1. How about the stretch 188-218: which of its residues are surrounded by fewer than 14 Cβ atoms within 10 Å (Cβ to Cβ) and either modelled with pLDDT under 85 or of a type in the set (Gly, Ala, Ser) (or both)?
2. Does residue 163 qualify as being in a strand (DSSP E or B), at pLDDT 90 or above and either within 30 Å of residue 45 (Cβ to Cβ) or among the charged types (D, E, K, R) (or both)?
3. Conditions: (1) closer than 30 Å to residue 85 by Cβ; (2) part of a helix (DSSP H, G or I). Residue 246 meets all but one. Number of the miss?
4. Given the conditions (1) surrounded by 11 or more Cβ atoms within 10 Å (Cβ to Cβ); (2) outside any loop (DSSP other than H, G, I, E, B); (3) of a type outside the set (Lys, Arg), report the number of the one that residue 273 does not fulfil.
5. One residue is enough: does the stretch 66-84 have a residue meeting the conditions out of contact with any strand residue (DSSP E or B) (no Cβ under 9 Å at 6 or more places or on another chain), within 28 Å of residue 292 (Cα to Cα) and in contact (Cβ under 8 Å) with a residue 60 or more places away in the chain?
6. State which residue pairs qualify: first residue closer than 14 Å to residue 10 by Cβ and inside the stretch 39-52, second residue of a type in the set (Ser, Thr, Tyr) in any location, beta carbons under 7 Å apart, and separation of 6 or more residues or different chains.
7. Does residue 283 count as of a type in the set (D, E, K, R), within 22 Å of the chain's Cα centre (by Cα) and farther than 30 Å from residue 42 by Cβ?
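The values are calculated or read from the model by the stated rules, or taken from the named source; none is laboratory data. Predicted model, so just to flag it, every value in this text is computed and none were measured. Here Cβ is always computed from backbone atoms with ideal geometry, including for glycine, and neighbour counts include all displayed protein chains.
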Amino acid sequence: MTAPDLNVDHLFDGLIHGDRLSLARSITLVESRKNQDRIVAIQLMTLVDKHLQQCAKNMPSDQTLAGWTMAITGPPGVGKSTFIDKLGVQLVELGHRVAVLAIDPSSVRSGGSILGDKTRMHQLASRDEAYIRPSPSGSTHGGTSAATKEAIDLCLAAGYDTVLVETVGVGQNEIAVSDLVDWTLLLLMGRSGDDLQGIKRGIVEAADMVLVNKADSEGYEPALETQRYYQSALSLFPPHSLPGWKVPCLAISSVQEYGWENFWSTLKDLKALPELPDWIKNKRANQRVSSFQRMLNQALLEHWSSSQSRRTYLDLESDLRTGQISPSQAVWDRLKDWGLKE
């Protein structure tokens, strides 16, 4: 079904009533780069935005937050999919409806993605209360895709009260995802000896919680060593922006029960902080501004490199490649051409 054939009101109605096919179609729509799809996607997301805003206003007085979104990030091979599989099942058993957005890396040559994370979450994938959506990262940096924020909102509108985002796993620079979610959880592996490297800024500084995974079998002692190291290093970081919260570093096993009781206890302490609701509301407000800036940058670049201005764009690209103009001068000249600079 193409975008012009879609009835936006019908699609939206199915979405907010939890129809999985409507959710899948909606995410496909916002991920599309076709102009006709984008027009329909804007109409849909406008309805979704109004719906989510109304849901937030209608929250019962004994509840403070509508939904919970969390990113699980970390280097490749750290066990993010296995951790999410176990976490998601436990959340379902606690009565939550869980959506997982698994971002897979796209090939820099072909642009294709394997999209295999769903197969590594077999326990969660079998639960009716869970929805798992693999998405390609495309050309987007920071471990996410261009439509990750829209996909998060669509999952929330479909009634999934917990949305987990698994990032690509590109390393220390996955900080973009922290601007899309309520909470960022960094997963690390245990190291030993010279393998322990100095703490880096970037994603470690953006993390709200740090877990050292694979604290089992031969990885148990290295995990505890790494935990002690990061606990010490995190104490040197500036205070967290949430009053009363100190970023914890816990050791855990995604295949055994070790560390999970401590993990849930730490989350309980977090939810008990009186400043958390206002902190989350402010963060979500900032997310809306960040989304606008991201979409504006993308739209301007795509518009200028479109067929309407294609020749000018290609000429400038050639001049940049051959060194006839510097990137900074090229930007300044374009702003002058558009009347944005004198």
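1. If the condition is that a residue be surrounded by fewer than 14 Cβ atoms within 10 Å (Cβ to Cβ) and either modelled with pLDDT under 85 or of a type in the set (Gly, Ala, Ser) (or both), then 192, 193, 194, 195, 197, 198, 200, 201, 202, 217 are the ones that fit.
2. yes
3. (2)
4. Condition not satisfied by residue 273: (2).
5. Initial filter on the stretch 66-84 (out of contact with any strand residue (DSSP E or B) (no Cβ under 9 Å at 6 or more places or on another chain)): 66, 76.
Cutting the leftovers down to within 28 Å of residue 292 (Cα to Cα) gives us 66.
From what's left, in contact (Cβ under 8 Å) with a residue 60 or more places away in the chain: 66.
Yes.
6. Partner pairs satisfying both residue conditions: 44/26.
7. No, not satisfied.
Conditions tested, residue by residue: (1) touching an Asp or Glu at 6+ places or on another chain (Cβ under 7 Å); (2) in the same structural domain as residue 257 (by TED's automatic domain parsing); (3) over 30 Å from residue 205 (Cβ atoms).
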| residue | (1), (2), (3) |
| --- | --- |
| 24 | no, no, yes |
| 48 | yes, no, yes |
| 70 | yes, yes, no |
| 73 | yes, yes, no |
| 83 | no, yes, no |
| 93 | no, yes, yes |
| 97 | yes, yes, yes |
